[in-house]
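What follows draws every value from the coordinates through simple rules; no lab data is involved. This one's a predicted model, so the numbers in the text were calculated from it and none came from an experiment. With ideal geometry, Cβ positions are generated from the backbone for all residues, glycine too; neighbour counts draw on all protein chains shown.
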Amino acid sequence: MTAFVEYLMTGIARGLVFALLAMGFVFIYRVTRVVNFAQGAFAVFGGFITYSLLRAGVPQGVSELLAILAAALIGLIFGIITIAGDLPLLASLIITIGLSILSEAILMLIWGTTPITYSGLTGHDFVILGAFIQRQYLIVVLASLALFALVALAFGRTYFGKAMTACASNPYAAKLSGINVKRMGLVAFMLGGALGGAAGVLITPLSPMTYDADVSLAITGFAAAIVGGLTSPGLAVIGGLVFGLAEQFVAGYWSPSNETAVALALLIILLLWQARRMRLEGLE
Amino acid sequence: MKLLESVEQPTPNGSIPSDALLATYNLVVRYGAAVALDGVSMYVGKGEMVALIGPNGAGKSTLLNTLSGINRPAAGKIICNGKLAHVPEGRQLFPELTVEDNLRLGAYRGGSRDPSPMYELFPQLHRLRHRRAGGLSGGEQQMVAIGRALMAHPDIVAVDELSQGLAPIVVSDIANHLVSLNKQNGTAVLLVEQNAQLALDITSRAYVLENGRISKEGRSADLARDPAVHKAYLGGQVSR
């Protein structure tokens, strides 16, 4: 029972982090139709920048926020490189893979190859049903839920958010209404950068961050986003939770080395299911 | 709205008045090697209702998309002395947003975002205002599309295929709204239609576009009686 609660809490926290990454995929895809495979890099930058700011004596809280802002800026730069040239979608997608590789090189040059970590907000761990839970897990859960609520409010309640939804829904009509669809695409990249950065900031205290963690983070985030067909933020959150829990229970009750294999198997099953669903919808 | 260098000879059509609200001079638009518009000169005067009729693929929608800045002309000139709003072919709403949000987004370029004038124009949209636009009937969607365009407070509204996929009674209802809008607010209307009968009935002037060129122009009533127009677009004998 104790182990179960531990796996459950860990799985939920990690799942929410994956959900943050997945939402980055979703927002960028919805507005630009680009699958941004550099999404994991935002998280790695987020983690490393927080690490350096904390070591430089910047207070906790401020460091994390600055790192998220920096990740948003990196998102904007990646967005400009990816979509400013009016390239075919496939070319943009390849560019994001290139940006992911470039990010690894930059991260290695600046921070080297040693994994880094930092402690989250300190405080007492707490006990649920006999299981010791690190305080950071609670912070991850609360921070992610706050971010989801913020994003939902921004999209559901503000005029700008609705204009962004309009770009995703019908870019041609959005242009006719005077919405600058390309600029909205860049905003989506910034948002994706911030969400990815937040994911990295939150997860680094739980599991050390390495310069080349972006690919596995991107794959898990993409897999979670696929649950919602890359377009539904709500289903992407559910997808993130499914992957987070599956990972923890496989690692806990079976073997940590099977973690990635199970995640990838789940991804393939989801892709097949999505392809089937799309085919069925196409036949309607 | 935009000026492009006019590389060719002065327009052969000397009849475009200098105070036209919207005018094109020898407009050429290409898609790759294909010429979609081949020297189109036309105009819409202040408060005027003008029809643009012609067969499928003649370039009607291309002309509207060029006026709205979606397509770039290869040559020619567009002069617009006012604000143009475009109701695109097939309505093109934002289906997952509500009727009210669709309307409000029409004012994205600026001005009041209050949709209540549209509810006065189309009263039935008021009770539908919190419904998702994608779930409405074709006629209701066309009203939302027109309302969204009017939210931009245009001097001229260009409607592409008003009647497409709609029952005749719905079409005439919406057409009447356009006419009264034109009479009351002085909003000019450029009506692009395959349904030539409707278009010629409610407009005062018309152009026939064929293969990217204006093949005929004149008063709508005269064109409706023109045997060639009648044969090609009104189906059968002159009966008026």
Along the charge dipole of the stretch B:168-240, pointing to its positive end and built from +1/-1 on Cβ of Lys, Arg, Asp and Glu, which listed residue (B:Leu181, B:Gln194, B:Ala224) has its Cα farthest out? B:Ala224
Residues with amide H under 5 Å from that of B:Lys216, placed H, sequence gap 5 or more: B:Val208
Between B:Asp201 and B:Ala74, what is the FRET efficiency for a Förster distance of 41 Å, r being their Cβ-Cβ separation, to the nearest 0.05? 0.75
Projecting the Cα atoms of B:Ile79, B:Val29, A:Gly57 onto the charge dipole of the protein assembly as shown, where Lys and Arg contribute +1 and Asp and Glu -1 at Cβ, the residue farthest towards the positive end is B:Ile79
Distance between modelled label sites at A:Phe160 and B:Ala228, nm, 7 Å Cα→Cβ extension: 5.6 nm
DSSP bridge pairs, the protein assembly as shown: antiparallel proportion in percent, nearest 5: 55 percent
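Suppose every Lys and Arg Cβ carries +1 and every Asp and Glu Cβ carries -1, with no other charges. What dipole size does chain A come out with about its Cα centre, to the nearest 20 debye?
So the magnitude is around 800 debye.
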Alpha-carbon centroids, the stretch A:17-50 and the stretch B:123-157: separation in whole Å: 36 Å
Gained length - A:Ile94 relative to A:Val58, 0.36 nm times residue gap less alpha-carbon distance: 9.3 nm
Taking only Cα atoms and a 10 Å spring cutoff, compute GNM fluctuations for chain A and point out the largest among A:Arg157, A:Arg135, A:Arg14. A:Arg157
Distance in nm between A:Arg183 and A:Met108 label points, each 7 Å along Cα→Cβ, equals 4.0 nm
Toward the positive end of the charge dipole of the stretch A:2-277, about the Cα centre and with charges on Cβ (Lys, Arg +1; Asp, Glu -1), which of A:Ile238, A:Ser255, A:Ile106 goes farthest? A:Ile238
Candidates A:Pro171, A:Pro208, A:Pro88; GNM for chain A (alpha-carbon contacts under 10 Å) flags as most fluctuating A:Pro88
How many angstrom lie between the Cα centre of the stretch A:221-243 and the Cα centre of the stretch B:192-215? 49 Å
Taking the Cα centre of the protein assembly as shown as origin, sum charge times position over the Cβ atoms of Lys and Arg (+1) and Asp and Glu (-1), and report the length of that vector in debye to the nearest 20. 720 debye
Average the reciprocal distances over every distinct pair of alpha-carbons in the protein assembly as shown, invert the result, and give the Kirkwood radius in Å. 26.0 Å
Within 10 Å of each residue's Cβ, count the other Cβ atoms and sort A:Arg183, B:Arg148 from fewest upward. A:Arg183, B:Arg148
Could you tell me which of rounded, prolate or oblate describes the stretch A:12-166, using a ≥ b ≥ c as the square roots of the eigenvalues of the alpha-carbon gyration tensor, with rounded for a/c under 1.5 and, failing that, prolate when a/b is larger than b/c and oblate otherwise? oblate
Rounded, prolate or oblate (a/c below 1.5 giving rounded, otherwise prolate when a/b exceeds b/c) for the stretch B:92-240 by Cα gyration tensor: prolate
Would you look at the GNM of chain B, springs on alpha carbons closer than 10 Å, and say which of B:Gly139, B:Gly110, B:Gly76 moves the most? B:Gly110
For B:Leu27, which sequence-distant residues (separation of 5 or more, or a different chain) have an amide H within less than 5 Å of its own amide H, given hydrogens modelled in the peptide plane? B:Gly39, B:Val40, B:Ser41, B:Lys77
